[in-house]
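Presented below is the structure to which this report refers.
The values are calculated or read from the model by the stated rules, or taken from the named source; none is laboratory data. In this text the structure is predicted, and so the values were computed from the model without any measurement. Glycine also receives a Cβ, built like all others from the backbone with ideal geometry; neighbour counts cover every protein chain displayed. To get the accessible areas, we keep the full protein, side chains included, count just its heavy atoms, and leave off ligands, DNA and RNA. Shrake-Rupley method; radii C 1.70, N 1.55, O 1.52, S 1.80 Å.
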Amino acid sequence: MGELQAVILAAGEGQRMRSAVPKVLHPLCGRPMLCYILDCAAAVAGEPLIVVGHDADLVREHIGPRRRYALQEKQLGTGDALMQALPQLPREGRLLVLCGDTPLLEKEHLEQLLRAHGDNAATVMTTRLSDPTGYGRVLRDPGGLVQRVVEEGDASAAEKKVCEINSGTYCFDIKLLRRFLPRLSPENVQREYYLTDILAVLREQGHPVGACTVEDWQVALGINDRCQLAEAAAVMGARINRSLMQRGVTLVDPSTAYIDYGVEIGADTVILPQTLIEGATTIGAACRIGPATQIIDAQIGDGVTVRQSVVQGSILESAAVVGPFAHIRPGCRIGGGAKVGTFVEVKNSAIGAASKLPHLSYAGDADIDGGVNIGAGAIIVNYDGRKKHRSHIGAGAFIGCNSSLISPLEIGEGAFVAAGTTVTGDVPAGALAIARQRQKNCEGLGKRLLTKKPEQEKDMREEKE
Ligand code: UD1
Ligand code: MG
């Protein structure tokens, strides 16, 4: 049977996506769709050869320089794309040809195709769809053998009724492919060199062409437009969710848990509805995440709670509590058991173990040691309009409500900042900082103001004017 190689056709523009981004780079669960098919091919046939063309540099940049590439300078069709790969392929053996836009294909399907291929010149993977619109239809002769594939645009009304479609995945005998691929011609509606025409050419030349028909329609889901992108994302998302559930993660409503490819989550963690977990995120065991939460590129320890919040590019250590309605911006480390509560925003800051910012605060560019309490409304003022400054708050300090700490500052261990203070200078360890006007009480005035009639108020206003 000889050597086994794989080629992935990924040079097309993907016009039907109506996008500035090349089709094969559109993400599916946080990862370019092309990466899925690369993994799938690599699992059975080693490092695949990728045919790039439209925005080739961009595709190479995203997929990585250590891959194997062939260039199709002009997008003249799938047959022409495969022609460009031939110089880099062995003289003989078997060749798997896959499309860059069918990310749901799995290793098992390729193994099934290889088994069906046997000594055929070509074997095409097909499936049956209740709505085959848009796909190439597989036409068989009266004996049931594959005769040819006709594209939607070239098909007659009767041919369009055929429900068996070409999945875009094939196995070829390389030697025969080399001989007959140059015979394709662009005499069709799209004026393209259709790879699918090779099947008819091989048949005419008396070579056996087979089909491997798979039950699972997802194999064939080719992404040509945004509707198919959403359809594929839903299937991929469901696969990711199922695998997490099998590993001991509870998804209260899997249909509203949007978890990217590669996210790791420990056992007994509960993901509540309307939650997005994206990028390079790892979450430990026994956490409660959500509802209505977005986590991006975060490292989360065990037993952490995050409710109705956004966490990005940060580390949450074990038993930290975040939210509801908190925003942890990039560059934060929230220590074990620390709390970042309601309407609190933290940026590029370290919050020590068991420290608390329970409500309505902003901490930017701050190093807060353990056991610190930051009262409601306290702000660490890091920006002077031109530059950002850092502050440090020592262990066990108490920052009163509604105080403003004008960075850069050093607040010593166990220091006490009185509520409403605007702190403009360092506070030594154990000191009390208070900076606010002394209170004055005007006897009886409160009562007079409260019992005033509306007309009196008007008179008083007019008097003033
Ligand atoms: C193709 C098949 C169709 C099949 C469907 C399955 C042909 C002519 N048609 O149609 O029978 O049912 O896939 O999804 O092959 N590409 C290139 N260079 C080109 C054109 C395309 O590399 O010049 C690449 C694209 O990047 C894409 C793949 O080939 O990854 C398929 O091209 P696409 O335009 O999506 O073909 P379909 O119309 O989907
Ligand atoms: Mg396609």
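The figures follow:
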{"item": "Neighbours by Cβ (under 6 Å, 6+ apart or cross-chain): first from segment 73-99, under 16 Å from Ala45 (Cα atoms); second within 13 Å of ligand 2 (Cβ to nearest atom)", "result": "Leu98/Ile8; Leu98/Ile37; Leu98/Thr169; Cys99/Leu9; Cys99/Gly168"}
{"item": "One residue from Val201, Val189, Val162, Val219 being without any contact (Cβ under 8 Å) to a residue 40 or more places away in the chain, touching a Leu at 6+ places or on another chain (Cβ under 8 Å) and within 12 Å of ligand 1 (Cβ to nearest atom)", "result": "Val162"}
{"item": "Residue match in segment 319-331 (condition: touching a His at 6+ places or on another chain (Cβ under 6 Å), assigned to a strand (DSSP E or B) and either without any contact (Cβ under 8 Å) to a residue 24 or more places away in the chain or closer than 21 Å to Val381 by Cα (or both))", "result": "no"}
{"item": "Residue that is surrounded by the most Cβ atoms within 10 Å (Cβ to Cβ), among those in segment 381-416 that are under 19 Å from Val346 (Cβ atoms) and free of Cβ contacts under 8 Å to residues at least 24 places away in the same chain", "result": "Ile411"}
{"item": "Filter pass, Val146 being touching a residue at least 40 places away in the same chain (Cβ under 8 Å), among the aliphatic types (A, V, I, L, M) and assigned by TED's automatic domain parsing to the domain that holds Gln205", "result": "yes"}
{"item": "Matching helices (runs of 4 or more DSSP H) fully within segment 31-101 where at least 3 residues are closer than 30 Å to Asp119 by Cα, open to solvent by 20 Å² or more (accessible area, probe 1.4 Å) and away from ligand 1 (no atom under 15 Å from the Cβ)", "result": "33-45"}
{"item": "Within segment 120-239, helices (runs of 4 or more DSSP H) holding 2 or more residues that are among the charged types (D, E, K, R), within 16 Å of ligand 2 (Cβ to nearest atom) and open to solvent by less than 40 Å² (accessible area, probe 1.4 Å)", "result": "none"}
{"item": "Qualifying residue in segment 397-417 (condition: β-branched (Val, Ile, Thr) and assigned to a loop (DSSP other than H, G, I, E, B))", "result": "no"}
{"item": "Gln75, sole failed condition from (1) closer than 19 Å to Tyr170 by Cα; (2) over 24 Å from the mean Cα position of the chain (by Cα)", "result": "(1)"}
{"item": "Matching option when the condition is assigned to a strand (DSSP E or B) and modelled with pLDDT of 95 or more, among Gly341, Gly303", "result": "Gly341"}
{"item": "Matching option when the condition is more than 18 Å from Tyr362 (Cα to Cα) and modelled with pLDDT of 95 or more, among Ala415, Ala419", "result": "Ala415"}
{"item": "Selection within segment 430-441 - out of contact with any Phe, Trp or Tyr (no Cβ under 7 Å at 6 or more places or on another chain) and open to solvent by 70 Å² or more (accessible area, probe 1.4 Å)", "result": "Ile434, Arg436, Gln437, Arg438, Gln439, Lys440, Asn441"}
{"item": "Any chance Gly290 is open to solvent by 40 Å² or more (accessible area, probe 1.4 Å) and closer than 27 Å to Asn348 by Cα", "result": "no"}
